[in-house]
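Here the structure is laid out as structure tokens; the discussion comes afterwards.
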Amino acid sequence: MERISRLFRTRFDKQPVLYRAPGRVNIIGEHTDYNDGYVMPMNTALFTRVAAAPRNDRRVRAHSVLFDENFEFSLDKLEPGGAPAWAEYAKGVAFALQAESYGLAGADLMIDGDIPLGGGLSSSASLEAVIGVALLGSSGLEADPMKLALMCQRAEHEFAGVPCGIMDQAVITTCPQGHAMKLDCRSLELEFIPLPDDLCLLVIDSGVKHQLSDGGYRQRREECDFAIALLAAEEEGVSSYRDVSLEMIGRHATALGKLPLRRARHVVSETQRVRDAVQAMAANDLETLGQLINGSHASLRDDFMVSCEELDFIQQTASETPGVYGSRMVGGGFGGCAIALIDPACLEDARAHIVRAYTEYSGAEPWSHVVESAPPAGLA
Ligand code: GLA
């Protein structure tokens, strides 16, 4: 944190206030958020940080340490396009805040962070959230955390062009330290579940870079929308995936066609796995939790088809390693990270084994990270 303050003072010649937002690791519930399902993510102590000071001329001057780039914009003229990707997020969040009538004054912002980009740990939602709290804070304002999440999601849709769900923004703005969040993505009802003491989560980066704006994510959304529209037209009382059973999907197999059927089957089975995982975690039944996590990976690989060979290798190696309860790819997919749930007594041996195996497989040592629960976006 000292570094960003120092950089801020050198560039802007004033004293900043410091904000930060964590990264997120999704324990279970993948591609269910935009399908009215459940998710159960938590925050981890990797952060996007902003040093900020108010301006009163309705301008935002921003500097990204990571990209060593400046961008300046007026709060009176906010349209998508024309800025580096990181600055589009800042513009998008400012736009969404103003659209909800938050009267922003302006700010100088220095942005830095240590969440790997495109790694499936929500570096973008973390950036949106920290920009949100910094722009609000610099104008003497605050927002309800879930409302902030929705405004950040709007920024992602309209300025980054990614039709994401609400999971990432919601956990990053709301979830208290020491807890996972169960979110009902239909009602936006939240429940915070204490994390078991005797459980470690290890993140292993496959090194395969993904970009949700690349098209695979949008295509999955369209396939899910197609399947639910068909089921809703055929079945009385069905308006969302929450009203759909596996048996119902089976009955419409021919009309759905092969791929939409698989997408729908993933959504419905994954939503049930989240329900079961919440119970398993509350009962400290880590064996069952691990099996559900392995099941989630199999479904993402075979039915939703968003895994890749590298993630499958890590998942398989991890799930066969002593002390590992279960493992799966995490986030939107097509690359990024996998997680493994590990008995703390076995953590170091298991980590060394998985890292060694993946280094031999891929030729490069993967980045890995032991998840440490962190507070939501706010003052640092
Ligand atoms: C990305 C999106 C989320 C969610 C996941 C998949 O992280 O931002 O909204 O859809 O993919 O579970």
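Values quoted throughout were computed directly from the atomic coordinates according to the rules given, and no laboratory measurement underlies them. All of these numbers come straight from a predicted model, not from anything done at the bench. Here the Cβ is made from the backbone with ideal geometry for all residues, glycine too, and neighbour counts use every protein chain on show.
Structure summary
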read-out: Evaluated at q = 0.15, 0.22, 0.23, 0.26 Å⁻¹: base-10 log I(q)/I(0), Debye formula over Cα of the range 305-380; value: -0.54, -1.00, -1.07, -1.27
read-out: Contour excess over end-to-end distance, with Cα ends at Ala232 and Glu72 and 0.36 nm allotted per residue; value: 52.9 nm
read-out: Helical segments meeting 30 Å axial Cα length and Kyte-Doolittle -1.0 threshold in the chain (DSSP H); value: 258-282
read-out: Relative contact order (%) - criterion: Cα under 8 Å, at least six apart; region: the range 54-101; value: 27 percent
read-out: Virtual spin-label span in nm between Ala45 and Trp367, 7 Å along Cα→Cβ; value: 1.8 nm
read-out: Gain in span if fully extended, Gln177 to Leu141, counting 0.36 nm per residue against the direct Cα distance; value: 10.6 nm
read-out: Of Lys77/Lys147; Lys209/Lys258; Lys182/Lys209; Lys77/Lys209, those spanning more than 25 Å from alpha-carbon to alpha-carbon; value: Lys209/Lys258; Lys182/Lys209; Lys77/Lys209
read-out: Phi-based couplings in Hz for the range 70-83 (Karplus 6.51, -1.76, 1.60; Gly and Pro marked x); value: 10, 8, 10, 8, 9, 6, 8, 9, 10, 9, x, x, x, 10
read-out: Residue among Leu104, Ser373, Ile204 farthest towards the positive dipole end of the chain, charges placed on Cβ; value: Leu104
read-out: √(5λ) per eigenvalue of the Cα gyration tensor, the chain, largest first, Å; value: 35, 25, 18
read-out: Cβ-derived FRET efficiency at R0 51 Å, Thr10 paired with Ser240, nearest 0.05; value: 0.50
read-out: For Leu109, distant residues with modelled amide H under 5 Å away; value: Arg61, Ala62, His63
read-out: Residues whose placed amide H lies under 5 Å from that of His179, excluding near-sequence neighbours; value: Leu195
read-out: Cα-centre dipole for the chain with unit charges at Cβ (Lys and Arg positive, Asp and Glu negative), debye to 20; value: 960 debye
read-out: Estimated distance in nm for a label pair at Arg59 and Ala283, the labels positioned 7 Å out from Cα along Cα-to-Cβ; value: 6.2 nm
read-out: Sequence-distant aspartates and glutamates (8 or more away, or on other chains) whose Cα lies within less than 17 Å of Lys14; value: Glu2, Asp57, Asp108
read-out: Additional length obtainable on full extension of the chain from Glu189 to Glu2, 0.36 nm per residue less Cα span; value: 63.6 nm
